[in-house]
Amino acid sequence: MHLYYVETETPHVGELLSPDAGTVTSPEPAQAAGQAVAALYETHALSLIRLAYVMLGDRPAAEDVVQEAFLGLYKRWGKLRDTASAPAYLRSSVLNGCRMVLRSRARRDDRALGELPWESAEATALIGEEHRQLLRAIRGLPPRQRKTVVLRYYLDLSEEEIARSMGIRRGTVKSGMSRALAALGRRMREYS
């Protein structure tokens, strides 16, 4: 069903017309959802793009995944039980989107493991060699360990928040983090 915004005779009043059902609804719910999602975008978009970039190593793909997450939130805004949980919904949606992109890449087998995609001159200048090595090492971690590291050190989530976000126990987060940090230490020593 498509909704169209139509101006009426009164300049300050609009109506949403559903061409299928012929029903008229007020624009307030759609406007409220749009305003709420826009506010969330202003607050969380940059950190979510960083999260997706670390997971994918590809800024355009990261931006696409985040955009899809916000679009999904907007479409489902009226179905949220608790709007305060929207940031957690977005994080989960971004992580799921990253997982789908990574699966698609694995099927296409168009990149070697750990290889960074082409980067613009600006991105190359902004990211030092050590940072690129760290990102390469993080991308080489198993998916669950990578998520744990990214959520903890890039999004500053607590162990409890990470456990909720990933749907695992806090002890699993702690042990996964320990293994991930040990692996990162080994890889960084190999690079130097």
### Query
Has segment 132-140 got at least one residue that is at pLDDT 85 or above and among the small types (Gly, Ala, Ser)?
yes
### Query
If you go through segment 178-192, how many residues are modelled with pLDDT of 85 or more and surrounded by 12 or more Cβ atoms within 10 Å (Cβ to Cβ)?
8
### Task
Could you please let me know if residue 188 is under 19 Å from the mean Cα position of the chain (by Cα) and among the aliphatic types (A, V, I, L, M)?
no
### Query
Does residue 37 satisfy the criteria of being over 19 Å from residue 156 (Cα atoms), out of contact with any Phe, Trp or Tyr (no Cβ under 9 Å at 6 or more places or on another chain) and not acidic (Asp, Glu)?
no
### Task
Could you run through segment 65-86 and say how many residues are in contact (Cβ under 8 Å) with a residue 12 or more places away in the chain and within 10 Å of the chain's Cα centre (by Cα)?
5
### Message
If I filter segment 156-166 for residues that are over 27 Å from residue 73 (Cα atoms) and either at pLDDT 90 or above or surrounded by 18 or more Cβ atoms within 10 Å (Cβ to Cβ) (or both), do I get at least one hit?
### Response
no
### Query
Looking at residue 106, is it of a type in the set (A, V, I, L, M) and under 25 Å from residue 158 (Cβ atoms)?
no
### Summary
The one condition residue 172 fails out of (1) at pLDDT 90 or above; (2) assigned by TED's automatic domain parsing to the domain that holds residue 33; (3) of a type in the set (Ser, Thr, Tyr); (4) over 30 Å from residue 39 (Cβ atoms) is (2)
### Task
Return a yes/no flag: does segment 94-116 have any residue that is at pLDDT 85 or above and part of a loop (DSSP other than H, G, I, E, B).
no
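The values are calculated or read from the model by the stated rules, or taken from the named source; none is laboratory data. Predicted, not measured: the structure shown is a model, and the values here were computed from it. Quick reminder, even Gly has a Cβ in these numbers, built from the backbone with ideal geometry, and neighbours come from all protein chains shown.
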